[in-house]
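In what follows, a structure is listed as structure tokens, so that the remarks can point back to it.
The values are calculated or read from the model by the stated rules, or taken from the named source; none is laboratory data. Computed from a predicted structure; not experimentally measured. Cβ atoms come from the backbone with ideal geometry, glycine included; neighbour counts cover every protein chain shown. To get the accessible areas, we keep the full protein, side chains included, count just its heavy atoms, and leave off ligands, DNA and RNA. Shrake-Rupley method; radii C 1.70, N 1.55, O 1.52, S 1.80 Å.
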2 protein chains.
Amino acid sequence: MNGGDGSREPRRAPAGARTRAFEEVLDRIEERIAADGLTVGDRLPGERQLAEQLQVSRSSVREALRALATLGVVSSQVGRGPDAGAVLTSRPDTALTDLLRLNLGLSTLSMREVVDTRLMIEQWAAGRAARDGGAALGEMARAVDAMDAAATPEEFVAHDIAFHMALAAASGNRLTSAIMRALRDAVRRYAIDAVLRLGDTAGLQADHRRIHAAVRDGDADAAIAAVADHLARAYPG
Amino acid sequence: MNGGDGSREPRRAPAGARTRAFEEVLDRIEERIAADGLTVGDRLPGERQLAEQLQVSRSSVREALRALATLGVVSSQVGRGPDAGAVLTSRPDTALTDLLRLNLGLSTLSMREVVDTRLMIEQWAAGRAARDGGAALGEMARAVDAMDAAATPEEFVAHDIAFHMALAAASGNRLTSAIMRALRDAVRRYAIDAVLRLGDTAGLQADHRRIHAAVRDGDADAAIAAVADHLARAYPG
DNA sequence: GCCGGGTGTATGGTCAGACCATATTTGGTC
DNA sequence: GACCAAATATGGTCTGACCATACACCCGGC
């Protein structure tokens, strides 16, 4: 409001007020989400309306919404109707994937750290799945069959991801599942290279069957060990 | 280029071209990072220059940069000189913290899931620290002393975070450390409430000392158990 | 009364051009 | 050489416009 043409006012806030306009918008929106108890599916006011309410330009509102979209909490639809506008969503996976992929691209995270983190999560999930009864057994078995039928490394990796995601999902923890998916998606190309390097997938499939059997038999220790062996084979350190 | 006033052209790309302009910018920047081998500290071209190079408006460039800033990979500085402009950084912690905090606000992640994830990471880190020799012992001890001296719950929690961060950092894995920090920051308020609820911090401090001792003695199993007991006390389920 | 199509309109997406605040660089002055 | 003022480059913001999209509404035909 005090930029651009006019600005007859001397200064709006002579002291403090270090936050940029779009950050103010960000805070206000977050505030409103908490105060009004908004949740997934609820709509935010339109960009023009928000701009007027918060007394900032539409550009600043858009930058704030862009940040929220990047974090996976809003999704914008054009057009009209109940589904149009900025709708609250929750896609931590997408956001996490982007975050990991870009930080890997900057070489600030090493592949070893990513694989180690994956090992941590999968061992934890495998132990839980073995103890809590394998709700994911069916899906895991289907993924193994699909990997047998896969014609290309890309296809194999796609079903491999499904297998490990089923295992992670069995933990019942959406946060670890989201991290797991982000890790897998971020290193998908690396996984394809690993399959090509190994030459054949018999060993990997044997590992998968061993993991599946351990979870089915409720043997947590065996499941954990099988996961460790599997990752050591796929990503030798 | 084809919006706004003019647009004498019928249509630039009648088929395909579903991506929004700022996404195109996003891809190009990521591409350039990979192609030119850019890394932390390197500068991106200015917003105006990028806009001209990519043939889009400065607004679109700004939205793309805002997204990258949200993911923690660029940081913008105003002014002039070698440090001004969009500089590549790497702050996965900040981005992760925002991501978790906002998704918690939307109630799509439960506190239990966050605490369970934290337990997973801390047990893993404690085991590693105990085995690999405790490089973090000094910092952990200092944090315990600082917690003894803390006058307010806020202060106590701040040093508590330092304690647990030191433990996580001992794993040598920056990714798990970043996740750990994000988890702690995202639930900071909740932690303060927990301290207030417990009334006194003697039990928590006893746990901290027990964890420290186990790491010092190289007893991984004891360290893991101590972490589990500590979190169970702080966040009863 | 019901249905189909045309029009209205609200929405996000984009563009262009301007001005502001900030911080360095540059050049002049003592 | 030291110091100060002007030039300049940068991100940050604002304004106002137009475009493409997709639902909402109304109106005529049946």
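Some observations on this one:
- Output for the range B:58-86, where each listed residue is within 9 Å of DNA strand D (Cβ to nearest atom) and farther than 18 Å from A:THR70 by Cβ: B:ARG58, B:GLN77, B:VAL78, B:GLY79, B:ARG80, B:GLY81, B:ALA84, B:GLY85
- In this structure, A:GLY72 does satisfy being within 15 Å of DNA strand C (Cβ to nearest atom), of a type outside the set (S, T, N, Q) and open to solvent by less than 20 Å² (accessible area, probe 1.4 Å).
- Matching residues, the range A:51-71, being more than 7 Å from every other protein chain (Cβ to nearest Cβ) and in a loop (DSSP other than H, G, I, E, B): A:GLN55, A:VAL56, A:SER57
- For beta carbons closer than 7 Å, sequence separation of 6+ or different chains, a first residue in the range B:77-98 that is within 7 Å of chain A (Cβ to nearest Cβ) and a second that is surrounded by fewer than 19 Cβ atoms within 10 Å (Cβ to Cβ), the qualifying pairs are B:LEU88/B:LEU38; B:LEU88/B:THR39; B:LEU88/B:VAL40; B:LEU88/B:GLY41; B:LEU88/B:ASP42; B:SER90/B:VAL40.
- Here the condition is being of a type in the set (Ser, Thr, Tyr) and closer than 24 Å to B:ILE29 by Cβ; of A:SER90, A:SER110, it holds for A:SER110 alone.
- Some residue of the range A:34-43 being part of a helix (DSSP H, G or I) and either more than 7 Å from every other protein chain (Cβ to nearest Cβ) or crowded, with 18+ Cβ neighbours inside 10 Å (or both): yes
- Residue satisfying all of: in the range A:103-124; under 24 Å from B:ALA34 (Cα atoms) and open to solvent by 20 Å² or more (accessible area, probe 1.4 Å); nearest to the other protein chains (Cβ to nearest Cβ) among these: A:THR108
- Qualifying residue in the range B:178-190 (condition: over 30 Å from A:SER110 (Cα atoms) and open to solvent by 10 Å² or more (accessible area, probe 1.4 Å)): yes
- Restricting B:ALA182, B:ALA158, B:ALA223 to residues that are within 14 Å of chain A (Cβ to nearest Cβ) and in a helix (DSSP H, G or I) narrows the list to B:ALA182.
- When A:ARG28 is tested against (1) more than 9 Å from every other protein chain (Cβ to nearest Cβ); (2) at pLDDT below 95; (3) surrounded by fewer than 18 Cβ atoms within 10 Å (Cβ to Cβ), exactly one condition is not met: (2).
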